Amino acid sequence: MSLLENLVLDVDPPFVGEEHRLLRKSVREFVEKTVRPRAREIDVGNEYPRDLLPVLAGQGLLGMGVPEEYGGSGLDSLSKAIVLEELARASGSVALIAAIQGGLAVAPILLAGTEEQKRRYLPRLAGGELVGAFALTEPCCGSDAAGLEMRAEKSGDGYVLNGRKLYITQGVQADVLITFARTGGREERHRGITAFIVEDDGCIEATPLETMGFRGTGTAELRYEDCHVPPEGVLGREGEGFGIAMQALDDARIGAAAIGLGLARAALEEAYQWSLSRMAFDRPIHEFQAVRFQIVDMAVKIQSMKTLAYTAARLRDLGDPRYVWMASAAKLHASITANEIAAAAVRILGGLGYVKESTAERVYRDAKLLEIGEGTNEIQRWIMGKMLYGELSI
């Protein structure tokens, strides 16, 4: 164990138990053997690693948020955060796939689904038989999710969906899409949105998007053309979709913070090892104060990221509604800090940090999404401000 690990990376808040540390150890061993060797290939080739889904599922890492009775591993929020952190240390893309497949693609079904819907979809999503997606964002509406335009018109005893969705992770590969569409008028805003489970039978045209980071995750623009959804495809009641989406995103922000933590750890570890081995002016560069101070600052920031992310997860596990605030705080802090740490790592690595062979270069690109996905940093501040001044209850 290095001094970096002993003093910083493996120091956990006191509520982290032995079972969580054992989980970290087993996941880390799996990730080093199976995920890390694929990380660069996934990133450079921008190829979705479909073959990894059953492998991840076999380790219980794909259906983390799915209860055991529905074929998942039923992990608590803290365990999920630890898993996502470890996955992101090796590959942000694989971590994001696991976060969507075992999070946003299943959370709405767990929150509002019927028993029949849960038994139809959850085991196959947790096992990797189906690929899932969470389709909320549209070309017109990102942060203003209540303004979405996709229409769901009644047709017989079901609905027909038409419209576009944008920046949808796993959109290219998705078999099942949790889709939010307008069943009421535009003036109804969030009260006119309903959630649907849409099985793609060829009515959805997916256009892959070339993203800066988190490559190989099947991000796409989607065009729905006369997609028929039977009555059993409606999630919850008509008009409840916006609330379902917001609850799912509250949990997803803990996962985003954990992924940011894993990315930052990877960048720091590479920079730290480089500072030990890289020689300049007849001595290792860590002996220069400019480098050493940056490493220390990065280490302290990672400890603060872990405290916020793990505390949000712990509050969620305790059923404490204050986790909603803490999830936004953790996601906000992680997105800012992961970007700062990635930039510092690139500076310390110099030319090496600018080429594809370095971890820091990939982390630098991946980390930018954390400022946007699951609600931008400005949205997090807006949510937290409304809670702080009593304008939004939790």
Report task. Report yes if some residue within region 23-30 is of a type in the set (Asp, Glu), outside the structural domain of residue 214 (by TED's automatic domain parsing), surrounded by 17 or more Cβ atoms within 10 Å (Cβ to Cβ) and modelled with pLDDT of 95 or more; otherwise report no. Result -> no
**Report entry** Qualifying residue in region 281-294 (condition: among the aliphatic types (A, V, I, L, M) and touching a strand residue (DSSP E or B) at 6+ places or on another chain (Cβ under 8 Å))
**Finding:** yes
Report summary line: Across region 254-280, the tally of residues that are in contact with a strand residue (DSSP E or B) (Cβ under 9 Å, 6 or more places away or on another chain) and either of a type outside the set (Lys, Arg) or within 16 Å of residue 364 (Cβ to Cβ) (or both) stands at 3
Requested in this report: Restrict the check to region 78-86 and report whether at least one residue is among the basic types (Lys, Arg), touching a helix residue (DSSP H, G or I) at 6+ places or on another chain (Cβ under 6 Å) and either more than 14 Å from residue 20 (Cα to Cα) or buried (at least 23 other Cβ atoms within 10 Å of the Cβ) (or both).
Outcome: no
Query raised in the report: Out of curiosity, is residue 383 outside any helix (DSSP H, G or I) and either closer than 25 Å to residue 133 by Cβ or of a type in the set (Val, Ile, Thr) (or both)?
Result: no
Query raised in the report: Has region 172-187 got any residue that is touching a residue at least 60 places away in the same chain (Cβ under 8 Å), part of a strand (DSSP E or B) and more than 12 Å from residue 136 (Cα to Cα)?
Result: yes
Report summary line: Considering region 234-249, residues that are crowded, with 20+ Cβ neighbours inside 10 Å and out of contact with any Asp or Glu (no Cβ under 7 Å at 6 or more places or on another chain), and then whichever is nearest to residue 157 (Cα to Cα), we arrive at 234
Report task. Could you tell me whether region 338-359 includes any residue that is closer than 25 Å to residue 137 by Cα and at pLDDT 95 or above? Result -> yes
Report task. Could you tell me which residue of region 324-357 is farthest from the chain's Cα centre (by Cα), considering only residues that are buried (at least 21 other Cβ atoms within 10 Å of the Cβ) and hydroxyl-bearing (Ser, Thr, Tyr)? Result -> 337
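The values are calculated or read from the model by the stated rules, or taken from the named source; none is laboratory data. All figures in this text were calculated on a predicted structure; none of them were measured in a lab. Heads up, the Cβs are rebuilt from the backbone with ideal geometry, glycines too, and the neighbour counts pull from every protein chain shown.
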